[in-house]
Amino acid sequence: MICIYAVAKVRPGCREQFLKAADRLINYSRAEAGNIKYHLAKESENRYVFMEFWSGEEAVQQHMKAAHFAEAGKTLESLLEEPLDIHKMEAVF
């Protein structure tokens, strides 16, 4: 299993737009064959963490090729203070 968490620092005043785009991304991603779980957690008012769990590397690669992933990337880029801080790990247990 592959675990990914990505920290998003949202620009002030862009929170509602960010949440709308994140909701769309998450709903489409949850429907993908290799997705196990996909959540968004709020760390603070403008700091969120995407938490993704995939069946394996092939599922992650397919996710990254999906049209909704590319669309979300373009939308989110304009709403964030800096690029996503992405961490990818392989589950041990």
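Note on the chain: Cα Rg divided by 2.2 N^0.38 Å, N the number of residues, gives 1.04. Remark on Arg47: its backbone amide H falls under 5 Å from those of Val10, a criterion applied only to residues 5 or more positions apart or on other chains, H modelled at 1.01 Å from N. Over the residues of the chain, the helix contribution to mean residue ellipticity at 222 nm works out to -12000 deg cm²/dmol, using -39500 (n - 2.57) for each DSSP H run of at least 4. Kirkwood radius, segment 47-93, all distinct C-alpha pairs, inverse of mean reciprocal distance: 12.4 Å. Between the helical axis of 15-30 and the dominant principal axis of the chain, each derived from Cα atoms, what acute angle in degrees is found, rounded to the nearest 10? The answer is roughly 10 degrees. Between Glu16 and Glu77, the simple spin-label model (points 7 angstrom out along Cα→Cβ) gives 2.6 nm. Take every DSSP beta bridge with both residues inside the chain and express the antiparallel ones as a percent of the total, to the nearest 5. So the antiparallel bridges amount to about 100 percent of the total. Note on the chain: dipole from Cβ charges, positive end direction compared against Cys3, Asn27, Ile86; the farthest Cα belongs to Asn27. Loop-located GluC sites (Glu not before Pro) across segment 19-85 with a Cβ neighbour count of 14 or fewer within 10 Å are Glu45, Glu81, with loop assigned by DSSP.
No value in this document is a laboratory result; all are computed from the given coordinates. Given the structure is predicted, the values throughout are model-derived calculations rather than measurements. Every residue, glycine as well, gets a Cβ built from its backbone with ideal geometry; the counts of neighbours run over all protein chains shown.
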